[in-house]
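Following: one structure in C-alpha cells, then a few remarks.
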C-alpha cells in the first residue's frame, strides 16, 4: 500500500471538537451506542423485509404490484444495511461486542461480506477518504471517472447519464467483486489480513445463502420468468439507494480529493480536517430521509465519529458546525436531496469532459 501520512502533530481542531462532543454525552448522560430508536427501527425493518419476501412468494398478485413490492423490498434491504449493519460493523449498534458481531452479519444476508466490508469501509475508506489509489469507494474505473487524477476515456463523456443505470447494479457488483477480493486477498491496492476458519465459513455461508434465498427458492416457487423480473427490480432498487447515499456524501462539487503516486503522500491537514473537506451532508431537516438512510445524510459527523451511533448525529451536527465555523473550515451541506443529486450530476459531467 502506498504511504500516506496526515499532519497530526497538532490536532487542535479534533481535540476541541472531541472535548465538546464528550461534554455533550456526559451532561446528557447518554451512551454513544444505539438506543430505543435504533432498536425500534431494527424491529421494523428486518421483519418488514422478511414479510415482503414471504408475501411475494406466497400470494399470487398482478405483475405490476409484484414489481412495486420487489422494489420496496430492495429499498428495505438497503435501509437494513444503512441502519443495522452499518452501525453494528462500526461497533456502535450496541455496547456489547457480540451483539455488534451478530447484527453485523446482516451484511452477509444482503449479499455482501462483513469481514471484507470492515476492511474496505472502516479501515480504508474512513482513513483515506477520497484518496485516489487507496479509497476503493471511488475506484469505479474504467466505467466512471470520479476525480481529476483518474485517467479519462471517451466513454466518460456520457457518464453523467449512464451512471444512474450503473448505480442500480451496485449490490450485484458488490456480490461479485467479493470473490475477487477473497481470492486475491486485496482490496484495490491494499492487502487483506489473513482470514481464519470462521471468516472463511461465514464468507461461503453468506454467498450460499444469497444464491439459495434470492435465486433458487424464488425460481422453484414462482418460475424463472417471474423471478428474473422481481430479482432485477429488487436489486436495482437496492443498488440505486446504496450508491446514491455514498455518492452524495463524497462525490460532489464541494468535496476535495487527493491522490497517491510513486512518492509518499503527505496530506497537509490533520485527519479530522481531511474528513471535513472530503465529505458533505444532505437533507438534514428531512426526517424521513434521515430515518431511511440511518443518519448517513450526516456523513461529516459519521466520518469524524464513526464509533458513535447514527441516532446521535442530528444533535452532534450543531456541535460540529459551530467548531468548523470557529476554525474557519467549510461545512459542506445540501438542504435537500435534490440539490445534492444536482451537484453530483454536475461534478460527474465535469469529470466526463476531456482534460485540456
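The values are calculated or read from the model by the stated rules, or taken from the named source; none is laboratory data. In this text, all values refer to a predicted model and were calculated from it rather than measured experimentally. For neighbour counting, all protein chains shown are included, and Cβ atoms are generated from backbone atoms with ideal geometry for every residue, glycine included.
Of all residues being surrounded by 14 or more Cβ atoms within 10 Å (Cβ to Cβ) and either in contact with a strand residue (DSSP E or B) (Cβ under 9 Å, 6 or more places away or on another chain) or without any contact (Cβ under 8 Å) to a residue 12 or more places away in the chain (or both) in the range 212-244, which is nearest to residue 150 (Cα to Cα)? Just the residue, please. First the steps, then the outcome.
The initial filter retains those residues of the range 212-244 that are surrounded by 14 or more Cβ atoms within 10 Å (Cβ to Cβ), namely 214-215, 217-219, 222, 226-227, 229-244.
Applying the additional criterion that residues be either in contact with a strand residue (DSSP E or B) (Cβ under 9 Å, 6 or more places away or on another chain) or without any contact (Cβ under 8 Å) to a residue 12 or more places away in the chain (or both) yields 219, 232.
Numbers: 219: 41, 232: 31 Å.
My answer is 232.
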Problem set entry | Pairs with Cβ under 7 Å, 6+ apart, first in the range 129-155 and in contact (Cβ under 8 Å) with a residue 60 or more places away in the chain and on the phi > 0 side of the Ramachandran plot, second in a helix (DSSP H, G or I) and surrounded by 14 or more Cβ atoms within 10 Å (Cβ to Cβ) | 130/138; 130/250
Exercise. For residues in the range 186-203 being surrounded by 12 or more Cβ atoms within 10 Å (Cβ to Cβ) and without any contact (Cβ under 8 Å) to a residue 24 or more places away in the chain, which is farthest from the chain's Cα centre (by Cα)?
Worked result: 200
For this session: May I ask you to verify whether residue 82 is surrounded by 15 or more Cβ atoms within 10 Å (Cβ to Cβ), under 21 Å from residue 122 (Cα atoms) and in contact with a helix residue (DSSP H, G or I) (Cβ under 8 Å, 6 or more places away or on another chain)?
Result: yes
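In this structure, is residue 181 at pLDDT below 95, in contact with a helix residue (DSSP H, G or I) (Cβ under 9 Å, 6 or more places away or on another chain) and either assigned to a helix (DSSP H, G or I) or within 30 Å of residue 66 (Cβ to Cβ) (or both)?
On the way: at pLDDT below 95: yes; in contact with a helix residue (DSSP H, G or I) (Cβ under 9 Å, 6 or more places away or on another chain): yes; either assigned to a helix (DSSP H, G or I) or within 30 Å of residue 66 (Cβ to Cβ) (or both): yes.
Taking the combined requirement at face value, the residue satisfies it.
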For this session: Consider residue 285 carefully, then state whether it is out of contact with any helix residue (DSSP H, G or I) (no Cβ under 9 Å at 6 or more places or on another chain) and within 28 Å of residue 170 (Cα to Cα).
Result: yes
For this session: Check whether at least one residue in the range 317-337 is closer than 18 Å to residue 241 by Cβ and surrounded by fewer than 18 Cβ atoms within 10 Å (Cβ to Cβ), and report yes or no.
Result: yes
Exercise. Can you name the condition, by its number, that residue 255 falls short on among (1) part of a helix (DSSP H, G or I); (2) more than 29 Å from residue 56 (Cα to Cα); (3) within 18 Å of the chain's Cα centre (by Cα)?
Worked result: (1)
Problem set entry | residue 341 vs. criteria touching a residue at least 12 places away in the same chain (Cβ under 8 Å) and more than 30 Å from residue 158 (Cα to Cα) | no
For this session: Select from the range 278-316 the residues that are assigned to a helix (DSSP H, G or I) and surrounded by fewer than 19 Cβ atoms within 10 Å (Cβ to Cβ) and list them in ascending order.
Result: 287, 288, 289, 291, 314, 315
Exercise. For the range 71-103, how many residues are farther than 21 Å from residue 212 by Cβ, outside any loop (DSSP other than H, G, I, E, B) and without any contact (Cβ under 8 Å) to a residue 24 or more places away in the chain?
Worked result: 6
For this session: Read through the list (1) modelled with pLDDT of 95 or more; (2) farther than 19 Å from residue 112 by Cβ; (3) outside any helix (DSSP H, G or I); (4) in contact with a helix residue (DSSP H, G or I) (Cβ under 9 Å, 6 or more places away or on another chain), then give the number of the only condition that residue 68 fails.
Result: (3)
For this session: Find the residue count for the range 175-185, including only residues that are farther than 20 Å from residue 132 by Cβ and in contact (Cβ under 8 Å) with a residue 40 or more places away in the chain.
Result: 3
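Just wondering, is there one or more residues in the range 104-117 that are closer than 16 Å to residue 185 by Cα, surrounded by fewer than 20 Cβ atoms within 10 Å (Cβ to Cβ) and in contact with a strand residue (DSSP E or B) (Cβ under 9 Å, 6 or more places away or on another chain)? Give the derivation first.
Our first condition is that a residue be closer than 16 Å to residue 185 by Cα; within the range 104-117, this holds for 112-117.
Then drop every residue that is not surrounded by fewer than 20 Cβ atoms within 10 Å (Cβ to Cβ), which leaves none.
There is no residue in the range 104-117 that is closer than 16 Å to residue 185 by Cα, surrounded by fewer than 20 Cβ atoms within 10 Å (Cβ to Cβ) and in contact with a strand residue (DSSP E or B) (Cβ under 9 Å, 6 or more places away or on another chain).
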Exercise. Here are some conditions: (1) under 30 Å from residue 220 (Cα atoms); (2) more than 22 Å from the chain's Cα centre (by Cα). Residue 96 meets all but one. Which one does it not meet?
Worked result: (1)
For this session: Could you please find all residues in the range 11-49 being assigned to a loop (DSSP other than H, G, I, E, B) and over 25 Å from residue 125 (Cβ atoms)?
Result: 28, 29, 30, 31, 35
